[in-house]
Each structure stands twice: as structure tokens, then as C-alpha cells.
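Throughout, read-outs are computed from the coordinates displayed, never taken from laboratory work. Quantities reported herein were computed from a predicted structural model and do not represent experimental measurements. No Cβ is skipped: glycine too gets one built from the backbone with ideal geometry, and neighbour counts run over all protein chains shown.
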Amino acid sequence: METVVFGLFAALALVSALVVVTHKSPIYSTLALVLTLFSVAVLFVLLGAPFLGALQVLVYAGAIVVLFLFVIMLLNVQKEEMSHVGSSGQLWAALLAAVVFVGMLGLTFWRAGSPAVSPLTPESVSLKGLAAELFGTYLLPFEIVGLLLLVAVIGATVAARRPSELGPIREDEYVSGDEPRTDPLKSGPDPHRPSVAEPAYQSSQREAS
Amino acid sequence: MNPEIVAPLLKYAVMFAVFINVAPIMNWVERRACAFIQDRPGPNRVGPLGLFQPVADALKFMFKEDVTPTAADKPLYLMAPALALLPAFTTFVVIPFGPDIAAAGRTFRLVVADVDTGVLLFLALSSLSVYSLVMAGYASNNKFSLLGSIRASAQLISYELALTIAVLAVILPVGSFHLSDVVAYQRTHLWNFIPQLIGFLVFLIASFAETNRLPFDLPEAESELVAGFHTEYGAMRFALFFQAEYTNMAALSALGVTLYFGGWSLPGIEYPHNLLGAALGLATLVAKIAFCMVVYVWIRWTFPRFRYDQLMRLGWKVLLPLAILNLILVAAMTLAGWL
């Protein structure tokens, strides 16, 4: 029974992963990615790590891939018209990544054979075991990863900022019903609005800049 | 007759029987209640009080022509409504619906799937429900559908965060993801909605957004998007979306009453550990879910729809900080031993 389920979902994971990289339509690729992630989650559960399986579905399939879909639909990306495989830089980068990946895989298999590495026990992948490892043994790497994510979030926010500080935005640029895109703290009051008494700190700020 | 296999199937059958009937009953309740709120009679021709109206509607859905738009992306278009039902009819497996019962010399826990990850499994499965909406909107090849899908994906992500953090705060003092343990905890303590009022309000608001109900029904806003993601769907395929929406509402209500209102239990009452106790537990749970469903209807016909930017601002700038504040408060109270 377990072997059948394993075979089914392992095959599903591989096939859908192939679809992800080969399908022309980005929407189909993304939906196949969901299937891959779901199949891998089932494999996690089969290996006795239901917590990892649930998190895999909740975080990856349930949130991150939805964001991919959101971006694809928002930009209205159509079917890929010509293949990009021709660009040589990408080819070399992909080859390098593949070599590194195969090396890591080989290293894992090689080390798994030696007696120095003990196999995972049900206790170590249970919720308590995982938490103890994550917040005990591996606290520093865990915190560093958290910091990395924070940096990524701040970076994305800075990159996505509207260039409102560069100058006032013209009236025709904002959609009716939308809020004016100027930030009054940064750029001073909206020139198109009847002005009320201007707070002193704003005028001094503008003179300074 | 291996009880290891028969017992879960039987329990699933019981829960399925409850949840499959939600949509037809709610169809009648929704229309009668909205008519009552708007001071008009509502559907009252088919059967006494119009009670057979859902049957008439179901027959109509079945006999209508099933149209597939020529420009639609066929496989996705046909798959989307079926996929909508999948999370709707799997999430409730982790909801406990009665006391442990002793039968045939064994004890049975009245949960379909008594797994370690309990509430996480619920959240994981329900987070997949957005894919059917996205697929439906994209595959219909219609600008209103596409807009509805884009809104749905952004909205569900935004509110899922607040919802999950609110749920996390309930798990904290209990110390277990098993929903049975959450119910057991509430039998010895106050119901969770009293110490965690902020968390409960966040959960309530986010659950309206998660199920695309007014005031957050932006993905299908009739006045702007015709019918949003299901504009191009008719006949039974539309009915499947309808069914999924109401089943999702009931499942989320079941989670809400289990987390905050004692689930199948009532304070100070001990149900017998036999079939009678099971029936009483199930009846209590269903009564609580029914109350939540009425609240859903009541809110829908009372509040206007949010604007899209208001929706996003509420989700990210109000609900998320409130949920985190609630989590910190609960963590502090748990550490201090007050909970």
C-alpha cells in the first residue's frame, strides 16, 4: 500500500516537474509546480514527517505559488513565443547549477552510507524534535535565514517605491477614486489642492532640500 | 470488517452528510433572510414557506444547457469547478464532533483524521482553494473573470496571514495542534473567545475575506465584474462553485467554533460516552455552525462592499498587526501562567 502511494506520487512529482520546465504556457507551468509541491508533501508524510508536509502545502503551494500566478496574470504573460535556450550565458549558468546539484546529491548519498551519520528518527522529525533542533542546535543559522528574509523584504519595498520624491506627480497620473500618490510628508502638500496652513516642519524641510 | 478502515469511513460519511446539505439549506436561508431584511416575502411558492425551492433550483441547474466558451482554455475550464470542491470536502476531516465513545470494547475518537498536524492540515488544504478560482478566471478568457481571479489571489494571500497568526495564538496555550485537545482545553478553561477577543475578531473578519463573502466579495463583485471569476460558468458547473463556497463557509465556521467556542462541547455538561453522546455532540456542533452561517447571511445583507484599496489596507495595516499583537499578548499571558 505504502509502496503504491510512494510510486504514484514520486512519478507524479517527476512528471509535473518536467511539465514545469517544458510547458510553453506560464500558467500551466505554475499549476504543474503546485502539483509537484503537493506530491513532494505527500512523500514527506510517507517518510513520517507530516509537519513538513503540511508546511510544504501551506507555505509553498498555498502562498508562494499563488503569488507567482498573481504576477503572471497581472502582467498578462502570454505563451512563450521563442525558446530562450539559445542564450549562452544562461546555458552555462544552468550547467554549473546542475553540476553543483549533482555534487551535493552525491555527497549526501556518500555520507548516508557511512556510519557517522545516524538516520532520522520519528522523534527528530516530530514537532517537538524539529523545534528543539531549530531553536536549539541550529539557532544561529535559523536567525541568519530570518535576517536574510528581512533584508529581502526591505529590498523589495525599496525597489517598489514610487518615485514620488523625485517631483510632484501630475494630475492626470492618478486614477479617479485612487488616493493621490504623493506622500505629503515627503513632497510637501499637493499643489492642486487648496492649501491649508502648512506645518512649519514641512516648509523648513523643503527649503533644506 | 476491519474497524481500522470502517470507523474512519463511517465518521467521514457522517461529516459528509452534514456538509453536503449546507449549500441547499443555505440557499433557502440566504434568500429568505435577505428578503426578510429587505422587507419582502422572498421565495415562498414551492412547498411550505418555499422550503422546496432548493430542490427546484437543483433541477433547474441540472437541465440547463452546459455551455463552454469557444475561446476558453478547455482543460482548465472544465477542471476548475471540480477542483473547487476538493478542499471544501476535505478540510473538515480534522474537526472533532463528539466525545470519545466506547463501542465493541474499543474507544473511538470522533475525528475523521486524528493527525498530529490537525489544524495545520486544515489551513494547508483550505489554502489550496484559491487555485480553482484562479483557474476558472484564467481559463474563461474573459476580462471580468481574469480581474476576479487576480483579486481573489491577492485577497486570499493577504488575509490568510492574519487568519493563520490568529489561529496560532489559540494553539499557544493549548500546546497541541490536535483540535480535540483545543476542545478539551476549553472544557477546563474559559472559552477562548474571552481571553483572545482580539484574535477572535481578526479570525472572524479574515474568514469573511477567505470565503469571498460580502463585505469582501471583490472576486465576484456583481456591480463591477458581472460575476467575477465565474462569469462564464452556467448550469451545474456554476452550482459546483456555489456548493464549494457554502461548504467552505461551513468548514471555516466549524474551525471557528472549535477554536473559540468550545467545539462540540457545552460548558458544565458532560455527554455520555456512547452513541447518544456522539449524537448530542454532533447536534451541538451543527447548532453552533448554523448560528455562524446565519451571521454570515446577516452581515452580507447589512454591510456594503469594501473598495479594493480599502480591503488591502485593512488586511495588511490593521488585521496583520492586530493578529501579531494578539499573539504577543497570548504568549506573555501563557508565560505568566494566566491561561
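Note on B:Glu65 and B:Leu172: the model spin-label points, each 7 Å out from Cα along the C-beta direction, lie 5.8 nm apart. When chain B is treated as a Gaussian network with alpha carbon springs shorter than 10 Å, the biggest mean-square fluctuation among B:Phe306, B:Phe122, B:Phe63 belongs to B:Phe63. Note on the protein assembly as shown: the C-alpha convex hull projects to 35.3 nm² when averaged across all orientations. In terms of overall dimensions, the C-alpha atoms belonging to the range B:1-116 reach 54, 42, 26 Å along their principal axes, ordered largest to smallest. Compared with the dominant Cα axis of chain B, that is its longest principal axis, helix B:3-20 is turned about 50°.
Pairs from the table (B:Lys60/B:Lys143; B:Lys74/B:Lys288; B:Lys11/B:Lys74) lying more than 30 angstrom apart at Cα are B:Lys74/B:Lys288; B:Lys11/B:Lys74. Summing charges over neighbours of B:Ala139, with a neighbour being any other residue whose Cβ is under 9 Å away from its Cβ, gives -1 when K and R count +1 and D and E count -1. The reciprocal of the average 1/r between distinct C-alpha atoms defines the Kirkwood hydrodynamic radius, which for chain B equals 21.1 Å. Counted by Cβ distance under 15 Å from B:Leu225, the other residues give a net charge of -1, where Lys and Arg count +1 and Asp and Glu count -1. Across peptide A:67-75, the average count of Cβ atoms from other chains found within 10 Å of a residue's Cβ is 4. Listed by Cβ neighbour count within 10 Å, with the fewest neighbours leading, A:Glu2, B:Glu222 appear as A:Glu2, B:Glu222.
When B:Arg237, A:Arg111, B:Arg187 are sorted by how many other C-beta atoms sit within 10 angstrom of their C-beta, beginning with the fewest, the order is A:Arg111, B:Arg187, B:Arg237. The Cα-based radius of gyration and maximum Cα-Cα distance (Dmax) for the range B:2-51 are 17.2, 55 Å. Where only DSSP H runs of four or more residues are counted, chain B gives -21000 deg cm²/dmol as its mean residue ellipticity at 222 nm, each run worth -39500 (n - 2.57).
Taken residue by residue and averaged, Cβ atoms of other chains lying within 10 Å of the Cβ of B:131-143 number 2.
Residue by residue along B:114-121, Cβ atoms of other protein chains within 10 Å of the local Cβ number 5 on average.
Taking a sphere under 11 Å around the Cβ of B:Ser129 and counting the other residues whose Cβ falls inside, with K and R at +1 and D and E at -1, yields a net charge of -3. Using a Gaussian network model of chain B in which every pair of alpha carbons under 10 angstrom is joined by a spring, one finds that among B:Ala136, B:Ala103, B:Ala227 the greatest mean-square fluctuation is at B:Ala103.
Taking only alpha carbon atoms, the range B:263-325 gives an Rg to Rh ratio of 1.23, where Rh is the Kirkwood radius.
Going by how many other Cβ atoms sit within 10 Å of their own, how do B:Arg313, B:Arg300, B:Arg106, B:Arg307 line up, fewest first?
B:Arg106, B:Arg307, B:Arg313, B:Arg300
Take the Cα of A:Leu139, step 7 Å toward its Cβ, do the same at B:Val295, and the gap between the two points is 4.0 nm. Each label point was placed 7 Å from the Cα along the Cα-to-Cβ direction; for A:Val153 and B:Leu335 their separation is 2.0 nm.
Rounded if a/c is under 1.5, else prolate if a/b beats b/c, else oblate: with a ≥ b ≥ c from the C-alpha gyration tensor eigenvalues square-rooted, which is the range B:194-339? Oblate shape, in that a/c is at least 1.5 and b/c is the bigger or equal ratio. Relative contact order of chain B, taken over Cα pairs closer than 8 Å and 6 or more residues apart, is 24 percent. Taken over the alpha carbons of the range B:72-181 as equal point scatterers, the Debye sum produces base-10 log I(q)/I(0) values at 0.11, 0.14, 0.19, 0.23 Å⁻¹ of -0.49, -0.70, -0.97, -1.18. Taking packing as the residue-averaged number of other Cβ atoms within 10 angstrom, the listed peptides A:141-147, B:28-34 run from highest to lowest as B:28-34, A:141-147. The mean sequence separation of alpha-carbon pairs under 8 Å and at least six residues apart, normalised by the residue count of the range B:7-164, gives a relative contact order of 21 percent. Does the range B:173-258 classify as rounded, prolate or oblate by the C-alpha gyration tensor (a ≥ b ≥ c root eigenvalues; a/c under 1.5 gives rounded; else a/b over b/c gives prolate, otherwise oblate)? Because a/c hits 1.5 or more and a/b exceeds b/c, the range B:173-258 counts as prolate. Mean separation of Cα pairs under 8 Å and 6 or more residues apart, divided by the residue count, gives the range A:1-66 a relative contact order of 30 percent.
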